[in-house]
Amino acid sequence: MSEEARPHRTAAVIPAAGRGVRLGPGAPKALRTLGGTPMLIHAVRAMAASRAVSLVVVVAPPEGAPEVKNLLDEHALPERTDYLVVPGGETRQESVRLGIEALPDGITTVLVHDAARPLVPVDTVDAVVEAVRDGAPAVVPALPLADTVKQVEPREKGEPEPVVATPERALLRAVQTPQGFDRETLQRAHRSETAVGEGATDCAGMVERLGAPVVVVPGHEEAFKVTRPLDLVLAEAVLARRRANDGF
Ligand code: C5P
């Protein structure tokens, strides 16, 4: 089949195997509820809301795969969206790799989306998919920073840390997910010894280590990551506002 005739099929891989210790004690982060619904279900729905996404692969906590499968069975997804559940690994990177390995043939574009970003709007998802389909091998949604950032020499907790540098804020972006990839590029990154390993906290960083181009598209303030207890309060407020607006 020629390149033009090859159909584009997009899958979303959702790493959801983290414990979420920074949120405090309780269930694994992805299973905590927002507005009465598990965070993971919000994240899956956010991906399935895009008409481009035909498959969602959820990477579950290693012992939690049956529970996650039941959860997905209980919450209806659009008919056009299939889903798979696979057990995750020790690190986010390993969990993503296990999700990628479960992808069937025919998927050409892969989104990697944190379960911990349950409220990303569909327009952001669509913009990432479109940029990949337009030819970018790796695409990340990102926002300018509100805070000035300092590079420091890390010290023991609580000790003053010497400042090493102040990067120019206008040149910095805070990256979000879903990050979008041409499937072949993402697989190459996860198989490359240069790209895999310490220090790469996102898949786009691994692609950069391969020397492949990565581009940024505008992110969204509602795509924030739920990491600390205050983020839960903000997420509940965003949901409540959406529900109030939908009521009109
Ligand atoms: O810990 P952090 O907030 O950076 O996690 C980002 C995402 O990676 C979360 O959705 C989390 O569930 C996932 N993760 C994973 N497997 C791990 C660690 C984190 O799927 N071992």
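The values are calculated or read from the model by the stated rules, or taken from the named source; none is laboratory data. Only a predicted model underlies this, so the values are computations on that prediction, with no experimental measurement involved. Methodologically, a virtual Cβ is constructed for each residue, glycine included, from the backbone with ideal geometry; neighbour enumeration extends over all protein chains shown.
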The residue from Val13, Val68 that alone is more than 17 Å from the chain's Cα centre (by Cα), within 16 Å of the ligand (Cβ to nearest atom) and crowded, with 22+ Cβ neighbours inside 10 Å is Val68
Within the set of pairs 6 or more residues apart or between chains, which connect a residue that is without any contact (Cβ under 8 Å) to a residue 60 or more places away in the chain and in a loop (DSSP other than H, G, I, E, B) inside the range 24-45 to a residue that is away from the ligand (no atom under 12 Å from the Cβ) and not basic (Lys, Arg) with Cβ atoms less than 6 Å apart? none
Does Leu55 qualify as being at pLDDT 95 or above and either more than 15 Å from the ligand (Cβ to nearest atom) or over 25 Å from Ala189 (Cα atoms) (or both)? yes
Filter the range 218-239 for residues that are over 22 Å from Gly180 (Cβ atoms) and assigned to a helix (DSSP H, G or I) and give the result. Pro229, Leu230, Asp231, Leu232, Val233, Leu234, Ala235, Glu236, Ala237, Val238, Leu239
I'm trying to understand the selection: among the residues of the range 29-41, which are within 12 Å of the ligand (Cβ to nearest atom) and closer than 22 Å to Gln179 by Cβ? Lys29, Ala30, Met39, Leu40
For the range 188-213, which residues satisfy the criterion of being of a type in the set (Val, Ile, Thr), within 16 Å of the chain's Cα centre (by Cα) and assigned to a loop (DSSP other than H, G, I, E, B)? Thr201
Would you please list the contacts, defined by Cβ atoms under 6 Å and residues six or more apart or on different chains, that run from a residue in the range 83-94 that is touching a residue at least 24 places away in the same chain (Cβ under 8 Å) to a residue that is more than 10 Å from the ligand (Cβ to nearest atom) and among the aliphatic types (A, V, I, L, M)? Tyr83/Val56; Tyr83/Leu72; Leu84/Val57; Leu84/Ala102; Val85/Ala65; Val85/Val68; Val86/Ala102; Pro87/Ala65
All conditions in (1) in contact with a strand residue (DSSP E or B) (Cβ under 9 Å, 6 or more places away or on another chain); (2) within 16 Å of the ligand (Cβ to nearest atom); (3) outside any strand (DSSP E or B); (4) at pLDDT 95 or above are true of Arg117 except (1)
